[in-house]
Amino acid sequence: MKTVKVSLKERSYKIIIKNNIFEDVAYYHFSKHKKSRAIIITDKNVAKYYIKNFVSFFNKYKSETLVVVIKPGEKSKDLLIVKKIIEKLLNSNIKRNDVIYALGGGVVGDFSGFLASIILRGIKFIQVPTTLLSQVDSSVGGKTGVNTKTGKNLIGSFYQPSAVFIDPNTLRSLPQKEFLAGYSEVLKYSIINDKKFFLWLDLNYKKIISKNSKIMTEIIANCCKKKAIIVKKDEKELNYRMLLNLGHTFAHAIEKELNYKVKHGEAVSVGLLMAMKLSVLLEKTNCINFNLIKVHMKKLNLPTTLNCLNPNQKWNAKSLIRNMQSDKKKVDKNIKFILLNDIGKAYIENHVSNEKIQLTIKEFF
Ligand SMILES: NC(=O)c1ccc[n+]([C@@H]2O[C@H](COP(=O)([O-])OP(=O)(O)OC[C@H]3O[C@@H](n4cnc5c(N)ncnc54)[C@H](O)[C@@H]3O)[C@@H](O)[C@H]2O)c1
């Protein structure tokens with residue numbers, strides 16, 4: 001078992017990483033919220049594998065439960081669906097001391113966290129993430145939200161969970177494509193500020209592909225620690241937390257270009273490499289680092305070019321740059337990039353010419 005603390009004064013909480021953790025979650029509820037109902041929100045795929053087992057432990061401790069199953073996928077991150085589930089919970093007489101458990105990937109986590117932050121002006125919620133992306137990233141840090149027609153995650157709140165319970169064993173049922181998409185975020189942490197971690201990942205790539213339990217526990221704990229440090233320094237993403245957007249300026253533009261019919265993590269994979277290439281073109285770092293990352297990605301079968309993401313797309317650098325310029329989260333007219341002086345040395349760059357961005361993109365056709 002490994003524990004990581006997220007220190008945010010009165011909003012501090014623990015992340016517990018342990019195989020077969022469901023009974024611990026039920027015991028936590030029994031010991032801390034005995035008189036409250038456990039509202040478990042999950043999606044259909046996750047329910048198929050885990051809901052029976054999860055609920056059985058709440059039954060063992062004689063805690064009352066209510067299970068809500070949403071459709072899997074990004075389409076569930078919708079204000080109308082949040083409203084529908086809120087009405088359902090209000091009709092079932094939800095109380096302010098009831099606790100929401102988000103059992104699932106980032107979609108369930110973002111959806112449930114947002115719902116918990118607005119229902120009855122906010123009730124407690126606990127994350128039980130079941131994808132690699134949600135275990136190393138979205139379950140920690142308190143960003144919650146839903147999508148709009150204009151873009152992703154444009155409605156939401158900063159609302160921290162009261163605890164995060166991670167069971168690395170749940171990764172066994174996760175499709176390999178989803179697993180690898182989540183792995184891009186793992187790689188991102190190493191490239192931001194920990195070259196040693198990157199080299200360790202590279203050494204252990206075979207065990208990673210086979211989801212070796214010991215290695216995965218190590219990876220999840222390390223990433224959670226890194227995210228906890230960043231969130232403690234800058235909870236509301238005013239400056240330092242932006243480093244977590246490494247590769248994401250490119251990735252968001254790619255996702256938009258493909259009408260979001262691409263896995264976020266896959267776009268991040270190409271985005272990370274683009275950020276590295278741009279850093280090389282600006283002479284901030286060297287080709288050796290670019291190649292180290294590219295070779296590592298290839299070993300893991302991660303996408304490294306735009307055509308790997310969609311070979312039928314007519315890629316156009318200008319259009320991708322336009323997507324970056326219209327990014328709703330952009331606060332001034334410059335496109336911000338997270339660039340690298342080295343693997344493990346990321347920084348925020350405010351001024352990059354369009355010419356250099358174009359040159360970078362064209363290398364990935
Ligand atoms: N809040 C944040 O800080 C933050 C950070 C990054 C991403 N996100 C959000 O996270 C979402 C993506 O999350 P995701 O990649 O976890 O996707 P997801 O939640 O859609 O899960 C991916 C798929 O795997 C299935 N699944 C989940 N766990 C499984 C398991 N153990 N076994 C088998 N199938 C399983 C799901 O049903 C789904 O079909 C996006 O909406 C993104 O915006 C949020």
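The values are calculated or read from the model by the stated rules, or taken from the named source; none is laboratory data. These numbers come from a predicted model, not from an experiment. All Cβ positions, even for glycine, are placed from backbone atoms using ideal geometry, and neighbour counts span all protein chains on display.
Against the condition among the aliphatic types (A, V, I, L, M), closer than 17 Å to Val140 by Cβ and touching a residue at least 24 places away in the same chain (Cβ under 8 Å), how does Ile208 come out, does it pass? Don't jump to the end; show me each part of the working.
On the way: among the aliphatic types (A, V, I, L, M): yes; closer than 17 Å to Val140 by Cβ: no; touching a residue at least 24 places away in the same chain (Cβ under 8 Å): yes.
So Ile208 fails the test.
Output yes when any residue across the stretch 336-343 is under 25 Å from Lys77 (Cα atoms), surrounded by 14 or more Cβ atoms within 10 Å (Cβ to Cβ), among the basic types (Lys, Arg) and at pLDDT below 95, and no when none is.
no
Scan Val82, Val99 and give me the residue that is of a type outside the set (S, T, N, Q), in contact with a Lys or Arg (Cβ under 6 Å, 6 or more places away or on another chain) and under 18 Å from Phe111 (Cβ atoms).
Result of the check over Val82, Val99: Val99.
For the stretch 322-335, does any single residue satisfy the condition of being of a type outside the set (D, E, K, R), out of contact with any helix residue (DSSP H, G or I) (no Cβ under 6 Å at 6 or more places or on another chain), assigned by TED's automatic domain parsing to the domain that holds Asn193 and modelled with pLDDT of 95 or more? Give the derivation first.
Taking the stretch 322-335 as the starting set, the residues that turn out to be of a type outside the set (D, E, K, R) are 323-326, 331, 334-335.
Among the residues that remain, those that are also out of contact with any helix residue (DSSP H, G or I) (no Cβ under 6 Å at 6 or more places or on another chain) are: 325-326, 331, 334.
Subset that is assigned by TED's automatic domain parsing to the domain that holds Asn193: 325-326, 331, 334.
Of the ones still in play, those that are also modelled with pLDDT of 95 or more are none.
Scanning the stretch 322-335 turns up no residue that is of a type outside the set (D, E, K, R), out of contact with any helix residue (DSSP H, G or I) (no Cβ under 6 Å at 6 or more places or on another chain), assigned by TED's automatic domain parsing to the domain that holds Asn193 and modelled with pLDDT of 95 or more.
Would you kindly identify the strands (runs of 3 or more DSSP E) lying entirely within the stretch 68-169 that contain at least 2 residues that are within 14 Å of the ligand (Cβ to nearest atom), touching a residue at least 60 places away in the same chain (Cβ under 8 Å) and under 15 Å from the mean Cα position of the chain (by Cα)?
Working: elements: 99-104, 125-129, 143-148, 151-158, 163-166.
By residue number, 99-104, 143-148, 151-158, 163-166.
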